[in-house]
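Have a look at the structure below, then the notes.
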Amino acid sequence: MAGATAATPMDIDAAAPPPPPAGAAPKGKAPLGAPGRAAPWVEKYRPQSLADVAAHRDIVDTIDRLTNENRLPHLLLYGPPGTGKTSTILAVARKLYGSQYSNMILELNASDERGIDVVRQQIQDFAGARSLSFGARPSVKLVLLDEADAMTKDAQFALRRVIEKYTRSTRFALICNHVNKIIPALQSRCTRFRFAPLDGSHVRERLQHIIKSEGLSVDEGGLTALVRLSNGDMRKALNILQSTHMASQQITEEAVYLCTGNPMPKDIEEIAFWLLNEPFSTSFKYISDMKMRKGLALVDIIREVTMFVFKIQMPSDVRVKLINDLADIEYRLSFACNDKLQLGALISTFTNARTAMVAAAS
Ligand SMILES: Nc1ncnc2c1ncn2[C@@H]1O[C@H](COP(=O)(O)OP(=O)(O)OP(=O)(O)O)[C@@H](O)[C@H]1O
Ligand SMILES: [Mg+2]
């Protein structure tokens, strides 16, 4: 129950909003107004309105139109982390309820209990409570189930009935990363929107906006590195930007890679060159030295080298085998296998690939 913004049984729309109880704002998201100066940038620059949400224009416009017409359906927003799902729904709630926000919305996220009891008690109590509105257009309430893929199956089955029973007065918004963890019956009760990873240009645009507001000095290489490392996750982009800013005044490509501990593109080129040209023992020595010197993790090297293998020319059967082997090494590394052995395995697969390439050429 802790952390949920629960409504009192009888909410009167025209009354002045009560001061929020201590600790009521879930996950540090200030429902109204921007967070203070000391807030991490991900919160400081959380979109306050739907217009601020970068990318996903079609989804946001559709939700905006439905909100304006007071025809909001039950929603299911899904997609990878840091793409604006929670921000979008909070912006909708802010637009719908303004100062009544805390009375009209019940927000439950992964930090709250997610079993069947919550559906039976907390959600039913909130949905069943009558909200009186004087004058103003009657609004439906909103139950926001963030990280809904963490809900137990029993809770999801119980929710099916609750959604139907209270449709007149309450809308449900489910948010999750993995839509296949939501039972089909719930999915069919909601309008689904997929939030894809943000594309590079949108991440870049949003970063430029933040760089300008904070007065940072970021060069072109630094910005490109931020966009590349974020992989379409805006939260990640902002976190890297802030940590790099704390580490160095000038945000350059090198500073960004150094701060995140990721191998630089030119390091990867060098490693790939060794793997494709040097004998086993020399490659082993060079790569081990570079790992030590730059504090690189083998798993990051494997990931980047794989991207490199996609790009260079080689017979397709050699490429298939190589990528398969790289996937195996990555899998083994996830079980904390010996780093040295796995580095040996990496060089061995490339040695085999080289032999296969020579055979194919002759
Ligand atoms: N589309 C976007 N436009 C602008 N900022 C964004 C966008 N998506 C994410 N952000 C930034 O990233 C932060 C996290 O976004 P949000 O909480 O909405 O992600 P999410 O999709 O709910 O991720 P998760 O699945 O991890 O909960 C926001 O505070 C905001 O600063
Ligand atoms: Mg979220």
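The values are calculated or read from the model by the stated rules, or taken from the named source; none is laboratory data. Treat the numbers as computed from the prediction; the structure is a model and nothing was measured. Because the Cβ atoms are built from the backbone with ideal geometry, glycine has one as well, and the counts that use them run over all protein chains shown.
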(request) Among the helices (runs of 4 or more DSSP H) lying completely within segment 238-330, list those that include at least 1 residues that are under 24 Å from the mean Cα position of the chain (by Cα), of a type in the set (Gly, Ala, Ser) and at negative phi. (result) 253-260
(message) Looking at 155, 93, 127, can you tell me which residue is part of a helix (DSSP H, G or I), within 15 Å of ligand 2 (Cβ to nearest atom) and more than 19 Å from the chain's Cα centre (by Cα)?
(response) 93
(request) Of all residues in segment 60-74, count the ones that are within 15 Å of ligand 1 (Cβ to nearest atom) and in contact with a helix residue (DSSP H, G or I) (Cβ under 7 Å, 6 or more places away or on another chain). (result) 3
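Give the residue that is surrounded by the most Cβ atoms within 10 Å (Cβ to Cβ), with candidates limited to residues of segment 163-209 that are of a type in the set (A, V, I, L, M, F, W, C) and closer than 15 Å to residue 73 by Cα.
Going through the qualifying residues, I end up with 174.
Name the residue that is nearest to the chain's Cα centre (by Cα), counting only residues in segment 331-361 that are assigned to a helix (DSSP H, G or I) and among the aromatic types (Phe, Trp, Tyr).
That would be 331.
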(request) Could you grab me the full set of residues in segment 276-315 that are surrounded by 11 or more Cβ atoms within 10 Å (Cβ to Cβ) and among the basic types (Lys, Arg)? (result) 285, 291, 294, 303
(request) Considering each of 236, 212 in turn, give the residue that is assigned by TED's automatic domain parsing to the domain that holds residue 256 and loosely packed, with under 13 Cβ neighbours inside 10 Å. (result) 212
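Quick grid of which residues meet (1) within 16 Å of ligand 2 (Cβ to nearest atom); (2) charged (D, E, K, R); (3) at pLDDT 90 or above; (4) within 21 Å of residue 236 (Cβ to Cβ):
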{"residue": "143", "(1), (2), (3), (4)": "yes, no, yes, no"}
{"residue": "171", "(1), (2), (3), (4)": "no, yes, yes, no"}
{"residue": "176", "(1), (2), (3), (4)": "yes, no, yes, yes"}
{"residue": "182", "(1), (2), (3), (4)": "yes, no, yes, no"}
{"residue": "196", "(1), (2), (3), (4)": "yes, no, yes, yes"}
(request) Identify the single condition in (1) assigned to a helix (DSSP H, G or I); (2) modelled with pLDDT of 90 or more that residue 99 does not satisfy, given that it satisfies every other one. (result) (2)
(request) Could you list, in sequence order, all residues of segment 168-191 that are away from ligand 1 (no atom under 15 Å from the Cβ) and either in contact (Cβ under 8 Å) with a residue 40 or more places away in the chain or of a type in the set (Gly, Ala, Ser) (or both)? (result) 169, 170, 171, 172, 185, 186, 187, 188, 189, 190, 191
